[in-house]
Amino acid sequence: MYKLIAIDLDGTLLNSYGQISEKNKVAIQKAQEKGIEIVLASGRSTNSVKNIANDIGGCHYIICGNGSLIYDLQNEAIIYDKFIEKKKALQIIDICEQNSIYYNIYTENMVIAKTMNNNVLFYHQENASKPDSKKTKINLVQNVYEYVRKLDNQNILKITISDNDSVIFGGILRKLREVKEIDVLDVAHMSRKIIKAGTQQVSLEYYYTEITSKNVDKWYAVKYLIEELQISPNEVMGIGDNVNDKIMLENAGLGVAMGNSAPYIKEVADLVVANNNEDGVAEAIERI
């Protein structure tokens, strides 16, 4: 019997337009009715994940920033955190600026960026169909370094770096891996998302990586949570599609990869289901 299901958002629970299908919602609600704990485990900022959890209803905990924190929704409190130190974040920003690479800073409440590109453009498009209270807050600033340097009462979850050119992207990865006390996610494929421009559908494709503090991972956050809840790893189902879900899929009692996952993610999973546009999450839940 599975007692907890940890579900990734982008590329997993959310379709290519950033929406949750009714079939996925119903499957989650049925699991909750049977006493199964549903935990959303995402790379997104706290407010963004919180809004999605509130739409689903019945979630007690969320994992944000790829495992940088666990938030208790009932008590409105952080119960676990591993943030990036401001000094380390400024060092990474400086490297990005010197190499003219696109980057975003994720705090608990917002995404900080210079311009509306790649993942930030996707969030902006996603916001168009949401009321103000449920939008992902995007803060565009000209001088990100100075803005972050003066930032108070805002913890940094992660930094996302992206580029459309694989050679440029590979070069920045090598430089970032020289920085100590951070983890650089080893992403081997392009991110692909769809946005609507009038009546047209536009595909967003870019190479990206995510930087967190050392030893941050969704699974480490799940492991902390299940120890608190006295749940065994064998009683956990993990559902995901990307490299930031890999350790979770390897260690959960049942690791489920989406049909749209990269081949190396499918290889570590116990089960492969339909893709994120064909209700793969509902299929996984219905199987148990």
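The values are calculated or read from the model by the stated rules, or taken from the named source; none is laboratory data. Source: prediction; values computed, not measured. Cβ sites come from the backbone with ideal geometry, for glycine too, and all protein chains shown count toward neighbours.
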Can you name every residue in segment 106-116 that is of a type in the set (S, T, N, Q) and touching a residue at least 60 places away in the same chain (Cβ under 8 Å)?
THR107, ASN109
From the list ARG192, ARG149, exactly one residue is among the charged types (D, E, K, R), touching a residue at least 12 places away in the same chain (Cβ under 8 Å), within 25 Å of SER261 (Cα to Cα) and outside the structural domain of ASP10 (by TED's automatic domain parsing). Which is it?
ARG192
Residue check, GLY67 buried (at least 22 other Cβ atoms within 10 Å of the Cβ) and outside any strand (DSSP E or B):
yes
Qualifying residues in segment 262-286 (those that are in contact (Cβ under 8 Å) with a residue 60 or more places away in the chain and part of a loop (DSSP other than H, G, I, E, B)) - the one farthest from TYR17 (Cα to Cα):
ALA262
Restricting attention to segment 164-199, the residues that are at pLDDT 90 or above, of a type outside the set (Val, Ile, Thr) and touching a helix residue (DSSP H, G or I) at 6+ places or on another chain (Cβ under 7 Å) number exactly 3
Would you be able to say whether some residue in segment 165-173 is within 28 Å of ILE7 (Cβ to Cβ), over 17 Å from the mean Cα position of the chain (by Cα), of a type in the set (Ser, Thr, Tyr) and not in a strand (DSSP E or B)?
no
Segment 210-232 residues that are surrounded by 18 or more Cβ atoms within 10 Å (Cβ to Cβ), paired with ones that are hydrophobic (A, V, I, L, M, F, W, C) and assigned to a helix (DSSP H, G or I) (beta carbon under 7 Å, 6 or more apart):
ILE211/ILE92; ILE211/LEU176; ASP217/ILE247; LYS218/MET248; TRP219/ILE247; TRP219/MET248; VAL222/MET248
If you go through ALA113, ALA128, the only one that is at pLDDT below 95 and outside the structural domain of ARG44 (by TED's automatic domain parsing) is ALA128
Residues of segment 4-23 being modelled with pLDDT of 95 or more and among the charged types (D, E, K, R), in sequence order, are ASP8, GLU22, LYS23
